[in-house]
Each structure stands twice: as C-alpha cells, then as structure tokens.
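J.: Pasting a structure below so you can have a look.
Only the coordinates and a few stated rules stand behind these numbers; no lab work does. Note that the coordinates shown come from a computational prediction; the quantities given were computed from them, not determined experimentally. For neighbour counting, all protein chains shown are included, and Cβ atoms are generated from backbone atoms with ideal geometry for every residue, glycine included.
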C-alpha cells in the first residue's frame, strides 16, 4: 500500500500505541491488538524489545503481515546485538513488505543488563556511525574497509539497485541522546513519566540540535510516550500499569529519570531502601502482586505519577490532547492495549481540533507533508 493512501480522515496518525504492552503471556496476542488498533483508527504501533518473547524483528514482521494501515516502528532495538547487514536487510524487508510504513527505531539499551550479558555498552559515536552505514546501504552503496566506532567491516553491501528511503528513529532520554536525535534521526520517542517541563526541554533540545546540524527542525518527528490508564480499568490492573510501571523504571534507571525530571534524589534513595522494594526479586510491574504494589504506592510521591493520563475517559482525552501544546508531534498512548484505550480514543475524537493534524502520515518516522 502506498504510504500516502494511509492518510485517511478517520485515522488518527498523531496517535500510537505499544503492541504487547507490559508482560504478555504470548506474542500471539499481537494479532488481535493490531486488528483492534486499526479498527480504532490509531496511526502507529511501536514495538519494544525484551530478551524473552518480544524479539523485535519477529514482531515487526508479524505486525506488517496482519496490518494494512498502521505505521510500524521498533522502539527500540539495539544496533549492537545484530550484524549491520542483518539490520539493514531487516529494515529493507519491512519497508517493502509494508509499502513504506516502517521506521527502524534504535536505542542505547540498559547498561547494567549489557554488562551482565557481556554486550559492550553503546556510545553516541557508535550510533551515529551506524546510522550512516544504514543510510549508505539502503542507497545501494558498497561500504569498503569501514573502520569506525560501530565496528570494523571489510565489505558491506546489499544490492546496487537499492534506493530506499527508510526513516530512522531514536528512543532518547538524556541531553546527549536528544542532541544526537536532532542531528541524524528522523524521529525521536521520549520516555514515559516525563514532566511537562521535561518534555518542553527535550523538544527544544532536539529542534535546536537539528537546526545546528543544518536540518529543518520540523523534519524530526517527536513523540511523547504518555502513560494512558483510564479508571474504567480494574483497580488492580491500573495499579500495575501505573505504580508498577513507574517503580520498575526506578528499579532499572532511577537516577537518570530522577535527574532528568529534577525530582528529589532523596526520595529515590528511600524508595530503594524500602524493605519490600530492596528485596523484591524481579521487575515490580511483572512480578509483584496487588498487596506489594499497594505498599509500593505508599513509597512513591503522587507528583511522580502525575505526568500521565488517568481518571475518566474524558479527562484522559483532554490530557492526551494537551501533550501537543508542549511541542510534540505525536503521542504514544502507553501502557494499555487498543481495547483498553477505546473509551479514551472515542472521547479524544470528540475534542480533536479539526485540521490540526492534517498532513501527518502513518509512518511514525515521517515528517509532516505540506498540504496544498
């Protein structure tokens, strides 16, 4: 399907969702989620990667096979877990399979996990070098004798006839990553539970970096990743998707999130020192029961959970729409399936300003197109 054909009046190309959000029991759940997402009119689906049943390349192909409208992005996979030829071939396959709906999204990964697995940590220089390699391969070039931060490769080549325009996205957190996104990526996904001030600062950093690199700042599509958990969901499930999810972020990279948001590090220290949290074996959002999560809720300040869409469906819709006032180009309704999001999306359609989002394509890595 031609990409431009995906821009239908009833498709909300400014909204996306994560497929297999959280800890699915089976990747087969993806099929129904994708069908529901398309029926609901959501524009894009994002694919996170975990080293279990959420291998991103497999899931990307599955989404491409069972969808006809949705934009698709890995958000994110890591460049250092596969050979560049594998990644370049995967992206080209997805690009052609979907008629141009695919964005290859990269990220830095979680450093302590890489350390444990014996995978080298990712640097900014490596990512920038890797992006350059991908773009050259997709244009049919032969890369001879490459010796750079991304690795040493005698020859890299796919097909001399290739002339592919495949967007590249980046999941960015800190200022160096945001600046990198502005310099050389087509889109950027921000992190969940960013305060309004943080989102605005991140947007400004990306736009400024793009301009300094001689690019059109508007050419980088910026996505807010916004926890959207309506109170129509059962209490225990909402607790897992809010308290559990934020607590898991704090378990994994709490220092970075707290520093980025300007939160009090003493509160993080108390969270980590809590008897339940410090001895809990695993990720709180996937392993904790309701009683544990109710306790964890007493350790987290309410203001740390505030940057999210919660409450009834109408309030959630209004909160989602307000994200665009912070300067982002798209909002990922994070932490819920399309079925769980349905009441919120219905309310969102009722308040969505006519014409405001015209020109956006389903592919989450594409910039807005000019309208006649």
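J.: Extending each Cα 7 Å along its Cβ direction at residue 82 and residue 294, get the distance between those two points in nm, one decimal.
T.: So the label points at residue 82 and residue 294 sit 4.4 nm apart.
J.: How much length is gained on full extension from residue 128 to residue 269, taking 0.36 nm per residue of separation minus their Cα-Cα distance?
T.: Separation in residues times 0.36 nm, less the Cα-Cα distance, equals 47.3 nm.
J.: Another question, then. Would you kindly state how much longer the chain becomes between residue 259 and residue 200 on full extension, computed as 0.36 nm times their sequence separation minus their alpha carbon distance, in nm to one decimal?
T.: Full extension of this stretch gives 19.7 nm more.
J.: Separate question: For each of 256, 178, 305, count neighbouring Cβ atoms within 10 Å of the residue's Cβ, then give the residues from fewest to most.
T.: Lowest count first: 256, 305, 178.
J.: Among 54, 152, which comes first, second and so on when ranked by fewest other beta-carbon atoms within 10 Å?
T.: 152, 54
J.: For the pair residue 10 and residue 111, how long in nm is the line joining their label points, each one 7 Å along Cα→Cβ?
T.: My value for the distance between the label points is 4.9 nm.
J.: Please tell me the relative contact order of the chain in percent, rounded to the nearest whole number, where contacts are Cα pairs under 8 Å and at least six residues apart.
T.: 21
J.: If the elastic network links every pair of Cα atoms under 10 Å, which of 111, 172, 73 fluctuates the most in the Gaussian network model of the chain?
T.: Ranking 111, 172, 73 by mean-square fluctuation puts 111 first.
J.: Over the C-alpha atoms of the range 233-308, what are the Rg and the largest Cα-to-Cα span, Dmax, in Å?
T.: 11.5, 32
J.: Please report how far the C-alpha centroid of the range 203-248 lies from that of the range 264-330, rounded to the nearest whole angstrom.
T.: Between the Cα centres of the range 203-248 and the range 264-330 lies a distance of 14 Å.
J.: How far apart, in nm, are two points set 7 Å out from the Cα along the Cα-to-Cβ line at residue 235 and at residue 312?
T.: Placing both labels 7 Å along Cα→Cβ, they lie 2.0 nm apart.
J.: Mind grabbing the base-10 log of I(q)/I(0) for the chain at q = 0.08, 0.13, 0.15 Å⁻¹? Debye formula, identical points on the C-alpha positions, no solvent, two decimal places.
T.: Calculated log10 I(q)/I(0) at the listed q: -0.38, -1.07, -1.44.
J.: Only Cα pairs within less than 10 Å get springs; with that Gaussian network setup on the chain, which residue of 333, 20, 233 has the largest fluctuation?
T.: For the chain, modelled as a Gaussian network with Cα springs under 10 Å, the answer is 233.
J.: Provide 134, 85 in ascending order of the number of other Cβ atoms located within 10 Å of each residue's Cβ, fewest first.
T.: Lowest to highest Cβ neighbour count: 85, 134.
J.: Sticking with this one: Can you tell me the length gained on complete extension of the stretch residue 251 to residue 287, counting 0.36 nm per residue apart and subtracting the Cα distance?
T.: Going from the current span to full extension adds 11.7 nm.
J.: Which one, 31, 222, 72, has the greatest fluctuation when you compute a Gaussian network model over the chain with C-alpha springs under 10 angstrom?
T.: The residue that fluctuates most here is 31.
J.: Using C-alpha positions alone, give me the convex hull volume of the range 257-372 per residue in cubic angstrom.
T.: 156
J.: Could you work out the helix-only [θ] at 222 nm for the chain, with each DSSP H run of four or more residues adding -39,500 (n - 2.57) and the total divided by the number of residues, to the nearest 500 deg cm²/dmol?
T.: That calculation yields -13000 deg cm²/dmol at 222 nm.
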